[in-house]
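Derivation of every value follows stated rules applied to the coordinates shown; laboratory data play no part. Since this is a predicted model, take the numbers as computed values, not measurements. Glycine also receives a Cβ, built like all others from the backbone with ideal geometry; neighbour counts cover every protein chain displayed.
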Amino acid sequence: MKTIKLTEACLRGAVSIAPTEVGLRPWRLPHHQLNLFASDLVEKAGVAAGVRVALASDSTSMELQVAAAEQDLQVDLVIDDELVGTGTFVAGEESCLFTGMPARMKRVELYLSQQAAVTVKALRIDDGASALPLPNNRPRWVTYGSSITQCVAAESPAQTWPAIVARRKGWDLTCMGYGGQCHLEPMVARVIRDLPADIISMCLGINVMGWGSLNIRTFRSAVIGMVMIIREKHPRTPLFLISPIYCPHRETDGNLVGLNLVTMREEIREAVQILTSYGDEHLAYVDGLDVFGQAFADKLPDDLHPNAEGYKIMADRMLDKLTL
């Protein structure tokens, strides 16, 4: 096998790529501006959710090399949008080999872990095979949210609900799902504003509910403010605001500042109505209960996060909600 040079163009789904002494580390925030963001958010932004090593190649085998991690890490092999295999980096290991790939030019994506940071060191392919970065010819989708968008409990990296939706739609995914850190911050809105995007979605509310980080006075204003910041550079991009999915102990019980999910869904809905009344024709509301409602409560093992099957259900039910 031979080692090919990996460039930033070979990594998809990252907001930025930081070259390090050992390889390329993807970030889901601008890595040169990390001090502008809360430290807890930066920690989650270092996780490689939705990030892929993406190439067109005729190689029949492929070996991914990464910096050794302290925990086991999964990597998924996706060929022409079909998941064909899952490999594991056992803690301390640095290489994972996939074999038996078809000997033709094909779209190959190696989905990195949605649970941890990953630094990519090298990629090896067959002697005599070729590999090129994939063309930028797919609609670019940016999706923002909480742990329910990061999907730590998904069966593997390519089986998060955003990854499933992106492959079925033929979209180029950038996942900005940050576990515990979706607080409608203006700096995050600026990042989304500055990214290339053909469609944007934002799943809002559950972290605000859990932390009490906004109240009835500020929540709707923060929703409107995020949309207005994004609209500075995406005035006509389809933008979907998704309210929280079902969460039994938070539906009607108030948090520390008196908010519950019933109220928060109505606040998001009203924010969309106000913005559309001011002429935003490309903004839409998606009720989280239509995506994952009480009927799927048995797929919430902690009464908050869907399990692996639950994330697949979310993907199936989100497909007709998000459209270009």
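Numbers below:
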{"quantity": "Qualifying strands (runs of 3 or more DSSP E) (wholly inside segment 10-129; at least 1 residues being under 21 Å from ALA154 (Cβ atoms))", "calculated": "24-27, 52-57, 62-66, 73-79, 82-89, 95-98, 106-111, 120-125"}
{"quantity": "Any hit, segment 96-113, residues being surrounded by 21 or more Cβ atoms within 10 Å (Cβ to Cβ) and of a type in the set (Phe, Trp, Tyr)", "calculated": "yes"}
{"quantity": "Flag if GLU93 is farther than 19 Å from GLY50 by Cβ and either more than 16 Å from the chain's Cα centre (by Cα) or free of Cβ contacts under 8 Å to residues at least 60 places away in the same chain (or both)", "calculated": "yes"}
{"quantity": "Complete set of residues in segment 45-63 that are surrounded by 19 or more Cβ atoms within 10 Å (Cβ to Cβ) and more than 15 Å from PRO26 (Cα to Cα)", "calculated": "LEU55, SER57, SER59, MET62"}
{"quantity": "Inter-residue pairs, beta-carbon under 7 Å, first without any contact (Cβ under 8 Å) to a residue 40 or more places away in the chain and over 13 Å from THR149 (Cα atoms) and in segment 290-311, second hydrophobic (A, V, I, L, M, F, W, C) and in a helix (DSSP H, G or I), 6+ apart", "calculated": "LYS299/ILE313"}
{"quantity": "Test: TRP211 is of a type in the set (Phe, Trp, Tyr) and within 17 Å of the chain's Cα centre (by Cα)", "calculated": "no"}
{"quantity": "Of all residues making up segment 221-257, the number that are acidic (Asp, Glu) and touching a residue at least 12 places away in the same chain (Cβ under 8 Å)", "calculated": "1"}
{"quantity": "Criterion (among the β-branched types (Val, Ile, Thr) and within 19 Å of GLY210 (Cα to Cα)) met by exactly one of THR276, THR252", "calculated": "THR252"}
{"quantity": "Among (1) within 28 Å of ASP172 (Cα to Cα); (2) of a type outside the set (Val, Ile, Thr); (3) crowded, with 16+ Cβ neighbours inside 10 Å - the single one LEU324 does not satisfy", "calculated": "(3)"}
